[in-house]
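J.: Structure incoming, see below.
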Amino acid sequence: MVAYIVYLQQIPELLHKWSSSYDVYVPTRVEEHFYEFRPWQEKTHIAWDYDLAYSPLKVFFMPPREDLIHFDLHNYTASPVIKKTRQLLFGVHPYDIKAINQLDQLMGMDGVDVNYQNLRDNTVIFGLEPARVAETAFWAGVDAARVDFGFDLFWTRISPGAFLVRVGSAQGEEMLKMGSSITSATAAEKEAARRIHLRAAARADKQGLGFTWTQVPEFMNKFYSRKLYWREKAKTCLSCGSCNLVCPTCYCFDIQDETDDHLKQGKRYRQWDGCMLEGFSRIAGGLNFRPNPWERYRHRYMRKGKYIFDRIGELGCVGCGRCVKACTAKIANPKVVFSEIREAIKNEA
Amino acid sequence: MKPDFSPYVPRPATLVAKNTLSEYVTLFEFAQDSGKTLAHRPGQFIQVSIYGVGEAPFSVSSPPQSDHHHFELAVRRTGSVTNALHNLQTGSKVGIRGPYGSYFPMQKFVGQDLLFAAGGLGYIPIRSVLYYMLRHREEYGDIILLVGTRHPRERIFTDQLEEISRRSDVHVLETVDVPDESWQGNVGVITTLFPKIRINPENTNVAMIGPPVMYRFVIDECAKLGIPQERIYVSLERRMKCGLGKCGHCQINGINCCTDGPVFCYTKIANLPEAF
Amino acid sequence: MAVKPKVAFFDFAGCEGDQLQVANLEERLLDILAHIEVVSFREIKTEHSDDYDIAFVEGSITRPEDEKRLKEIRENAGILVALGACATIGGINCLKNFINESEYRSTVYGSSARWYSTYASRPLSAVVPVDMDIHGCPIDKNEFATAVKELLLGKIYTPPDYPVCAECKMAGNICRYEQGQLCLGIVTRAGCKACCVTEGSFCWGCRGMAPEANLDAAARIMEDHGFTRLNAQDRLRLYFGCTDRAFNPG
């Protein structure tokens, strides 16, 4: 493993250089207890110890609203709109990298999603070992405490003034070497980073699932038909879609048209959508395949716990805890759902 | 630099003919402006755009045409895109994407009998399969076509159905749920036609399309006739927005109707509670 | 477009703030006007005609004699559009529905109350069928422009049917409940792009209740966040006064 040491005071110089060719985003504190990735500027205070970015990082690859084509109403021509903004996300936690890796895979299946792909291909990701675990997070329990790929560099703060930086790609290494006098890490420093990871993972483990995640798909499958359970869980569901929209692995969207005021040209755009919203599964003529909140609620957990697993062999949940936070009714919580179902099945056996 | 490609960009097509099929349903004949054939297979769908109004999925109703760039859609006036389609004059343009999705396995049907069960607008995509088989009539065995409609005034393609029913090599049976004074034929849901047909279960495939409530009942009838599940094919309707397996609207449990379907062998969906 | 559709604007009880929003489109309005012919619009012109295809009607119905005029408009118009909260949901005028009639009559009209007729405020849809709603207090001028353009293309604009929360997430807003504030976004119909929250306030509910709003859940959420029934009731009555599902005063 190639690794370097970067001192805190070397970082501004690097950020300067990077920001000349990339839109650089870093974690910042936007309000007490709330963090977001925001554009880096000279005076930006980087929240190295952030616990969770409030918004999911999919916003960088699949913005809430994104033009797909431009069209002309008169000659009926259309042309693609594909953004290729060069972006650097600096300070991404492993669970969020895992979510991006999962999106990469899903958006590449059955034909590539070119809009996603182009933004993704132009984005550099620098990972960061989490210093704190969000209260609602359980990523250690769903195999998201570490990632082996999906980053160009991975940063671990091994002392108040120094980071050990693992190289994930040639591009990452090149960008790192733009700094003056960046030195290779010693074996002792690598060991220090490893210990810090283990300590972080141990802290996170206390908020894990309490059982191995690989059992989840089977439990979910068994519990699908337990209407009583799903009905009870979804009783206070607002059908507001907050859990979908803050989920870093949810990617559903709606497609709509908008014309200019001359009614001559227009654009077709996609906008975030979610399976918890009432009209999501409605077809022409009004028939709705999931008319009840509990059916939509169940579908969401089946996707997270089973359907995505069936497709790519991992859960559709990375344990970030965003939905737990975002749900005002406090019913969105994959950890609780998975655990309750496991408990119920165990008691029946 | 290579120009950007996007699967979301429709191709222009021109409306060449419009024929009223019933109060709400119209048959639209389009020609691709490229002059190329649509290259669809029976059962596939396309996305049709009316710019500014939106895009909606439709099953192609005409059979594949290797020598012809025209194709037909039969559309019920039910939402904004279908309304806008009905308001189009011939010569107007639309955008199309696709064809998308799975199709009926025409090669597997070669040398075998086919039983069609079409409920209501389900006849629209069935027509693509049926006409394909009629064009290659000698390659297939017996063809039975069951058509169920709610009310006589909602029947579509009546002239064509009459023409087909006069053929000796196709057995056509029709029924309506609610008759009127003019109706002379069978009355009842589509399953009431089953006692009137004879099939060879060893050699018969089934293609059925209709409203969701229809499937279970017709599948039960097929089981009674001894037709194995792996020779039953259904097409399911969902709201495909992207057609590319991404947008999520057409999910049926863990599968996507747009890329895994819309045509399914029954064994593939028999265990999906959300299928019907 | 061969023939330009004729458009008329009307108002009942309301502040005319929605028509003002239309006028606020400024130069955009000129582009849109190229596709329509405005035959009646008090806010911007003096002439009037009863020959129109599309009627935009602002304001709520608050007097029995309003009904006759609204029915005439309905009769004349091919498409009737309710413009703004007063027209779509009865609006803020419905506050009076929680007070007894003699009280609001004497409060508003004093000693000459008996010369004026007035009754409980209601939306247009309580009197005539409405083809299209443009919600909000005031309406969002961009949404108005979108709705008009869609009408011109032969489409009836349908506002979102989900709660404002979804749009808050798209806007990247921090939830008001996480900040300890009372917010009606959890039960209010979206379509405003969560503008009030985005601008630092909370959702007032001006677009009316989302069709599938879960009020029982909302009651519990408000309670769990430490708000009293009275807090919630005050907020809900502002715009939800005419929805029969609104909380009963407890």
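Residues checked against (1) within 14 Å of chain B (Cβ to nearest Cβ); (2) more than 25 Å from residue A:145 (Cβ to Cβ); (3) in contact with a strand residue (DSSP E or B) (Cβ under 9 Å, 6 or more places away or on another chain):
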| position | (1), (2), (3) |
| --- | --- |
| A:3 | no, no, yes |
| A:14 | no, yes, yes |
| A:36 | no, no, yes |
| A:43 | no, yes, no |
| A:51 | no, no, yes |
| A:57 | no, no, yes |
| A:69 | yes, yes, yes |
| A:73 | yes, yes, yes |
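J.: Let me ask another. Within the stretch B:38-73, take every residue that is part of a strand (DSSP E or B) and acidic (Asp, Glu) and give me the one that is surrounded by the most Cβ atoms within 10 Å (Cβ to Cβ). Break it down into steps so the answer makes sense when it comes.
T.: So the first thing to find is which residues in the stretch B:38-73 are part of a strand (DSSP E or B), and the list is B:45-50, B:54-59, B:70-73.
If we keep only those that are acidic (Asp, Glu) too, we end up with B:55, B:72.
Numbers: B:55: 24, B:72: 21.
Ranking the qualifying residues of the stretch B:38-73, first place goes to B:55.
J.: For residue A:325, which of the numbered conditions (1) away from chain B (no Cβ under 11 Å); (2) under 22 Å from residue A:209 (Cβ atoms); (3) part of a loop (DSSP other than H, G, I, E, B) fails to hold?
T.: (3)
J.: Residues being surrounded by fewer than 23 Cβ atoms within 10 Å (Cβ to Cβ) and touching a Pro at 6+ places or on another chain (Cβ under 7 Å): count how many of those fall in the stretch A:127-145.
T.: 0
J.: Let me ask something else. Before we move on, is residue B:70 at pLDDT 95 or above and within 14 Å of chain A (Cβ to nearest Cβ)?
T.: On the way: at pLDDT 95 or above: yes; within 14 Å of chain A (Cβ to nearest Cβ): no.
It is false that residue B:70 is at pLDDT 95 or above and within 14 Å of chain A (Cβ to nearest Cβ).
J.: Is the stretch A:277-291 home to any residue that is of a type in the set (Phe, Trp, Tyr) and either buried (at least 20 other Cβ atoms within 10 Å of the Cβ) or more than 12 Å from chain B (Cβ to nearest Cβ) (or both)?
T.: Filtering the stretch A:277-291 for residues of a type in the set (Phe, Trp, Tyr) gives A:280, A:289.
Checking the rest, the ones that are also either buried (at least 20 other Cβ atoms within 10 Å of the Cβ) or more than 12 Å from chain B (Cβ to nearest Cβ) (or both) come to A:280, A:289.
Looking for residues that are of a type in the set (Phe, Trp, Tyr) and either buried (at least 20 other Cβ atoms within 10 Å of the Cβ) or more than 12 Å from chain B (Cβ to nearest Cβ) (or both), one finds at least one in the stretch A:277-291, hence yes.
Condition check ((1) in the same structural domain as residue C:59 (by TED's automatic domain parsing); (2) in a helix (DSSP H, G or I); (3) in contact (Cβ under 8 Å) with a residue 12 or more places away in the chain; (4) within 23 Å of residue C:7 (Cα to Cα)) across all residues:
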site: C:87; (1), (2), (3), (4): yes, yes, yes, yes
site: C:92; (1), (2), (3), (4): yes, yes, yes, no
site: C:96; (1), (2), (3), (4): yes, yes, yes, no
site: C:104; (1), (2), (3), (4): yes, yes, yes, no
site: C:107; (1), (2), (3), (4): yes, yes, no, no
site: C:110; (1), (2), (3), (4): yes, yes, no, no
site: C:119; (1), (2), (3), (4): yes, no, yes, no
site: C:125; (1), (2), (3), (4): yes, yes, yes, yes
site: C:129; (1), (2), (3), (4): yes, no, yes, yes
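J.: List the pairs whose first member sits in the stretch A:226-243 and is within 7 Å of chain C (Cβ to nearest Cβ), whose second member is assigned to a helix (DSSP H, G or I) and among the hydroxyl-bearing types (Ser, Thr, Tyr), and whose Cβ atoms are under 6 Å apart, counting only residues at least 6 apart or on separate chains?
T.: A:237/A:297
J.: Follow-up. Can you name the residue in the stretch B:221-260 that is within 18 Å of the chain's Cα centre (by Cα) and of a type in the set (A, V, I, L, M) and is also surrounded by the fewest Cβ atoms within 10 Å (Cβ to Cβ) among such residues?
T.: Taking the candidates together, the pick is B:236.
J.: For residue A:310, only one of the following conditions fails: (1) within 14 Å of chain B (Cβ to nearest Cβ); (2) touching a Cys at 6+ places or on another chain (Cβ under 9 Å); (3) assigned to a helix (DSSP H, G or I); (4) not basic (Lys, Arg). What is its number?
T.: So the condition that residue A:310 fails would be (2).
J.: For residue A:148, all conditions in the list (1) assigned to a loop (DSSP other than H, G, I, E, B); (2) within 14 Å of chain B (Cβ to nearest Cβ); (3) surrounded by fewer than 18 Cβ atoms within 10 Å (Cβ to Cβ); (4) within 17 Å of the chain's Cα centre (by Cα) hold save one; what is the number of the exception?
T.: (2)
J.: Right, next: Between a first residue in the stretch B:258-275 that is within 14 Å of residue A:225 (Cα to Cα) and a second residue that is in a loop (DSSP other than H, G, I, E, B), which pairs have beta carbons less than 7 Å apart while being 6 or more apart in sequence or on different chains?
T.: B:272/B:253; B:273/B:253; B:274/A:289; B:274/B:253
J.: Test of understanding: among B:91, B:95, B:122, which residue is at pLDDT 95 or above, within 14 Å of chain A (Cβ to nearest Cβ) and in a loop (DSSP other than H, G, I, E, B)? Before the answer, list the steps.
T.: Numbers: B:95 fails: in a loop (DSSP other than H, G, I, E, B); B:122 fails: in a loop (DSSP other than H, G, I, E, B).
It is B:91.
J.: Follow-up. Taking residue A:156 and the conditions (1) in a loop (DSSP other than H, G, I, E, B); (2) among the hydroxyl-bearing types (Ser, Thr, Tyr); (3) more than 14 Å from every other protein chain (Cβ to nearest Cβ), which numbered condition does it fall short on, given that it satisfies the others?
T.: Result: residue A:156 fails condition (1) only.
J.: Quick one: which strands (runs of 3 or more DSSP E) sit completely within the stretch A:6-88 and have at least 1 residues that are in the same structural domain as residue A:173 (by TED's automatic domain parsing) and without any contact (Cβ under 8 Å) to a residue 40 or more places away in the chain? Explain how you work it out, then say what you get.
T.: On the way: elements: A:23-31, A:34-39, A:65-72, A:78-80.
Here the list reads A:23-31, A:34-39, A:78-80.
J.: Moving on to the next point. Quick one: in the stretch A:254-276, which of the residues that are within 20 Å of residue B:274 (Cβ to Cβ) and among the hydrophobic types (A, V, I, L, M, F, W, C) is farthest from the other protein chains (Cβ to nearest Cβ)?
T.: This residue is A:276.
J.: Can you tell me which residue among C:186, C:156, C:174, C:139 is among the β-branched types (Val, Ile, Thr) and more than 9 Å from every other protein chain (Cβ to nearest Cβ)? If you could, list the steps in order and put the result at the bottom.
T.: On the way: C:186 fails: more than 9 Å from every other protein chain (Cβ to nearest Cβ); C:156 fails: more than 9 Å from every other protein chain (Cβ to nearest Cβ); C:174 fails: more than 9 Å from every other protein chain (Cβ to nearest Cβ).
Result of the check over C:186, C:156, C:174, C:139: C:139.
J.: Please tell me if residue C:48 is surrounded by fewer than 20 Cβ atoms within 10 Å (Cβ to Cβ), more than 25 Å from residue C:242 (Cβ to Cβ) and in contact (Cβ under 8 Å) with a residue 60 or more places away in the chain.
T.: Considered against the rule, which asks whether it is surrounded by fewer than 20 Cβ atoms within 10 Å (Cβ to Cβ), more than 25 Å from residue C:242 (Cβ to Cβ) and in contact (Cβ under 8 Å) with a residue 60 or more places away in the chain, residue C:48 comes out as no.
J.: Output the number of the condition that residue B:48 fails; it satisfies all remaining conditions of (1) within 14 Å of chain A (Cβ to nearest Cβ); (2) over 24 Å from residue A:263 (Cα atoms); (3) modelled with pLDDT of 95 or more.
T.: It is condition (2) that residue B:48 fails.
J.: What number goes with the only condition from (1) surrounded by fewer than 20 Cβ atoms within 10 Å (Cβ to Cβ); (2) touching a strand residue (DSSP E or B) at 6+ places or on another chain (Cβ under 7 Å); (3) more than 26 Å from residue A:162 (Cα to Cα) that residue A:78 does not pass?
T.: (1)
The values are calculated or read from the model by the stated rules, or taken from the named source; none is laboratory data. Because the structure is a prediction, the values reported are computed rather than measured. Backbone-built Cβ (ideal geometry, glycine too); neighbour counts: all protein chains shown.
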